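The values are calculated or read from the model by the stated rules, or taken from the named source; none is laboratory data. Just so it is clear, the model here is predicted, and its values are computed rather than measured. Don't worry about glycine lacking a Cβ; one is built from the backbone with ideal geometry, like all the others, and counts go over all protein chains shown. Accessible surface is based on the protein model in full, side chains and every heavy atom, while ligands, DNA and RNA are left aside. Shrake-Rupley method; radii C 1.70, N 1.55, O 1.52, S 1.80 Å.
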Amino acid sequence: MADPLLTVNWVGEILRVRTATGDAVPAGDAVPGGKAEPGGKAADPKDGDGKTAAAEERKPERPLLRGLDLPRNNEKPVLVYFHWPHEDGDRGKRIVKFCGGPLDDEAFVRTAPLFHCVEVNTKDSEANLVAEAKVTTTPALLLCAPDGTIFWRSEDAKVSGKALAAALRKALAEEMPARWAEIEKEMKFQVETLREGKALAARKKWEDAAFALRQVVGSDVRFTGEWEEARTLLREAEAKAEEEAKK
């Protein structure tokens, strides 16, 4: 039976959120992460010193990708996929190949949970916002900070899923080091928890082993060897626990 953790189509996942940039935001109106003030100026969430955290992290050279409907409590970097309808000519054919190629590759699928993923239907989106993002072709992928500022992009339609996954992780580590530090902390947790789960399984404490292993498998950090091993061992522990329950 196919593994449900890896057979969910990535595009199907991101279609849960808005698939177009919507209407252009008039100059001075609200942007992702901010609330419009009287007079049209956007106010960013402030820290305890009255400074804007978003402004401190935002680099001047980074453009802002406007028009995305992002959750207010989102802390993940945002991966934006500029898509084109599959049935629409040569561009659609290129997208079909990309969706069924690198975006369907296991390496990419296991990296995607690190991000809040959004698909943009480029054909039906507001042209001004697509132009602001400097997207000139599809497929295109952009990485943004949670406030919508762009820090990485790719328009390489021939990239492999493995290379794409590695490039995304590298960009995240370099541009959002605090976020990457949290991921590294989770990776260490996986090492320790996997060790605990294996020890419990060795003592045939299957329910306890399964509980520990689920903490690894349920993580958004799925590109590690520990996650892969925990996934395999969890199947065994759950099967053994079920056998014991039937006795």
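Structure notes:
- Residue pairs, from the table LYS123/LYS170; LYS205/LYS240; LYS205/LYS246; LYS76/LYS170, whose Cα atoms sit over 20 Å apart: LYS123/LYS170
- Rg followed by Dmax, in Å, when region 70-228 is reduced to its Cα trace: 18.5, 62
- Sequence ranges 240-247, 71-78, ranked by mean other-Cβ count within 10 angstrom, highest first: 71-78, 240-247
- Net charge of Cβ neighbours under 10 Å - reference LYS162; Lys, Arg +1; Asp, Glu -1: -2
- Of THR149, THR232, the order by accessible heavy-atom surface (1.4 Å probe, DNA, RNA and ligands excluded), from most exposed downward, is THR232, THR149.
- Computed lengthening from LYS93 to ALA173, 0.36 nm per intervening residue step minus Cα-Cα distance: 25.5 nm
- Karplus (6.51, -1.76, 1.60) ³J(HN,Hα), θ = phi - 60°, over region 197-209, in Hz, Gly and Pro reported as x: x, 5, 5, 5, 5, 5, 8, 6, 8, 5, 5, 5, 4
- At an R0 of 41 angstrom, the distance between the Cβ atoms of ALA239 and ASN121 translates into a FRET efficiency of 0.45.
- Rolling a 1.4 angstrom probe over region 128-199 with all protein chains present gives an accessible area of which 55% lies on carbon and sulfur atoms.
- Distant-in-sequence amide H partners of ARG153 (H built 1.01 Å from N, under 5 Å): LEU143
- Potential lengthening between ARG72 and THR137 on full extension [0.36 nm per residue; Cα-Cα distance subtracted]: 20.5 nm
- Placed amide H near MET176: partners under 5 Å, 5+ positions off or other chain: none
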